[in-house]
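What follows is a single structure, written as C-alpha cells, with notes after it.
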C-alpha cells in the first residue's frame, strides 16, 4: 500500500468537498441542530426556566436507567440531576447520527461520482492502486463526519458545562464514558458504515441510486450504533471497551472486504464489472 | 527502464490476439497491434471500433479476456503501477475535476505520478507549454472545451511519460485549437516520446502518423506506414484524364506503359506502370489531336485508404456470410458496384486480418 497515493486521493476529495458549499452548508446546519440548538433549548428549559413538567418527565426517565448509570448522576436539585442525566446519557445518539449521516452522504457519491463525472478514467489510468484509491476515499468520507462530530462535541461540551455546570458543582463534561464513546466506539461504527456505503458506491450506476441504497443500508446500522453507544454510556468502562473492540473487529473485516469492491473497470464504468 | 524485450523489438507496445467482451458486446476481437518506440501511431476507426478499449487494455486499466499485452516489455496486469507511471493518458472526455482549480488538477496528477521534485515549477512549465497558465487559479468548471483539453494535455505530460496515449484529443475543439493540439503532439514525439493517438478524423491522422492501424469491430484490419499502405492498395500510379472530345481517349489503352483504363462519367482513370510515363502519354495524345482538358495525377489519401480498407472488410464479411448461406441454399456473393479495383491488394492478402507491413 502506497500511503502517499492514499493521502493524495483523500486530500483531493476533501479539497473538492471544501469547494462544495451546497454540501457542507446543510451538513453544518445538521451538526449545529444536533449539537447546539436542541441541547441548548432542552437544557435551558430544565435549568433556567425550571419547567417542572419537563423535569418530572426526565426524572421518570432517569428511573429506568441502569443502577450503575443512576449512581453517576450528580446534582443537588431535581433540575440539576435531570439536566445532568439529559446531558450525559440521553444525547448519545447525537454523537452517532451526525457523523454517520455526513459520512454516508460523502461516501455514497465518492466512487460512483468519479464514474459519473468521467474522472474515473483518470484514476483508472493512474499509478494509484485500487486499494489505495479505496482507502483514500474512505478517509475522505470519514474525516468530514468525524471532524464535524469532534467540533460539535467540543461545542456541546462547552454548552453542557456552561448550562448544567452550575447546577452540579462545576464543569463535569465530557465524562470518561463520553471520551470512550467518541474515541473508541464511534470511529469503528463509522468505518463499518462506510465500508458498506463505499461498496455500494462502487457498484451502483448513479449517485442518486447510491444515496438511496446507502440510506436503506445505513438505517439499521445507525440503529445498532445508537443502541450500542447508549449501552456504552450506561454500562461500565469494560462494557464500552468491549463494544468498541467488537466494532473495530467488524470494521476491519468490512474494510478488508470493501477494498476489493473498487476495480479499474468500475471506475471506468464498463458494463460487465458493475 | 526499458526491458530487453522492448529494446530488442523496438516496440513500446505489443498487443497480441487480444479479445475483450463486455456482456454481449465483443469490444476487441483478436486485436494485434504494435507501437514502435519514438513514433506516432494512429488508431483509426469509426465509433465503436475498439480504440478506447485498446487504450484501456494497454495501460492495464482493463484486463483482456484473451491474448497478451506488453508495454515497455512489461505486463500491465502484473506491473500495472510501473506501466501506468510511465504513460500519460488523455481520454476522450478530459476527465478533469470541475470543482477544483486548474492548478489543483495538475497538482493532483503530479502527486499521483510521483512528481515530487520542483513540483511547482513542473506544473508551471506544463501549463505554460499548453497556454493555460493564465487560468490555473480558475475552477475548471468554468473552462471552455479547448482550455479543458489543453489542461488535460498538460496533465498528461507532467511526469515526462515515455508513452502518450491520446484518445480523440481534439474531440469538440474548433479547427484552430485542433491544429494547435496536433502541433503539440508532433512536438512531443520530436522530444522522444512514443505516441498512440485514437481518432476518427482522417485529416488529423494524415501527415501526423508514422504508423496507422485501421480498426473496425474490435479488429485490426491493416497496419503500417501510411505511404506503404497506400502503395500496397494502389501499387501503380494513376492519372485522371479528360478531353474536349472523349472519344479521342478511346485508344489510350494501346499506348506504352498503360496498364488499365477505366472510363468514367466525368473523367477517365488511367493506371500506368510509372509516373514517368505521364509526359509521354500527354505528348502521344496531343500528337493524335486530342485536346486534353485535365491531367491530374491521383495521390490516394489516408481517407481513400481508410474507406478502401473498410469496404474490403465489409465485402469479406458479406462474402463469408453469403458463402455460409450458399451452403444452405443462399444467394451467391455480388460484387459491390462502388468498390474500387483492389485486385493487386486482395491477391496479396491472405486473411481478413490484413497484412502488417
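For this structure, a couple of remarks:
- Test result for residue A:104, touching a residue at least 12 places away in the same chain (Cβ under 8 Å), away from chain B (no Cβ under 14 Å) and surrounded by fewer than 14 Cβ atoms within 10 Å (Cβ to Cβ): no
Rundown of residues vs (1) within 18 Å of residue A:121 (Cβ to Cβ); (2) at pLDDT 90 or above, yes/no style:
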position	(1), (2)
B:99	yes, yes
B:109	yes, yes
B:130	no, no
B:135	no, yes
B:139	no, yes
B:143	yes, yes
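- Pairs linking a residue in the stretch B:8-24 that is more than 17 Å from residue B:49 (Cβ to Cβ) and assigned by TED's automatic domain parsing to the domain that holds residue B:219 to a residue that is assigned to a loop (DSSP other than H, G, I, E, B) and modelled with pLDDT under 85, with Cβ atoms under 9 Å and 6 or more positions apart or on different chains, are B:12/B:2.
- Test: residue in the stretch B:119-131 that is under 26 Å from the mean Cα position of the chain (by Cα) and not in a strand (DSSP E or B): yes
- The residues on offer are A:28, A:83, and the sole one that is touching a helix residue (DSSP H, G or I) at 6+ places or on another chain (Cβ under 8 Å), more than 14 Å from chain B (Cβ to nearest Cβ), farther than 30 Å from residue B:140 by Cα and touching a residue at least 60 places away in the same chain (Cβ under 8 Å) is A:83.
- With a requirement of 2 or more residues that are surrounded by fewer than 23 Cβ atoms within 10 Å (Cβ to Cβ), the strands (runs of 3 or more DSSP E) lying completely within the stretch B:1-118 that satisfy it span B:11-22, B:25-36, B:66-71.
- When the test is whether a residue is away from every other protein chain (no Cβ under 14 Å), under 26 Å from residue A:105 (Cα atoms) and either in contact with a strand residue (DSSP E or B) (Cβ under 8 Å, 6 or more places away or on another chain) or free of Cβ contacts under 8 Å to residues at least 40 places away in the same chain (or both), residue A:62 does not pass it.
- Selection from the stretch A:206-220 of residues that are at pLDDT below 80 and crowded, with 18+ Cβ neighbours inside 10 Å: A:218
- Residue in the stretch B:17-34 that is closer than 19 Å to residue B:82 by Cα and at pLDDT below 95 present: no
- Scanning the stretch A:118-128 for residues that are facing another protein chain (nearest Cβ under 7 Å) and outside any loop (DSSP other than H, G, I, E, B) yields A:121, A:122, A:124.
The values are calculated or read from the model by the stated rules, or taken from the named source; none is laboratory data. Computed from a prediction, not measured in an experiment: that's the story for all the values here. FYI the Cβ positions are ideal-geometry reconstructions off the backbone, even for glycines, and counts take in every protein chain you see.
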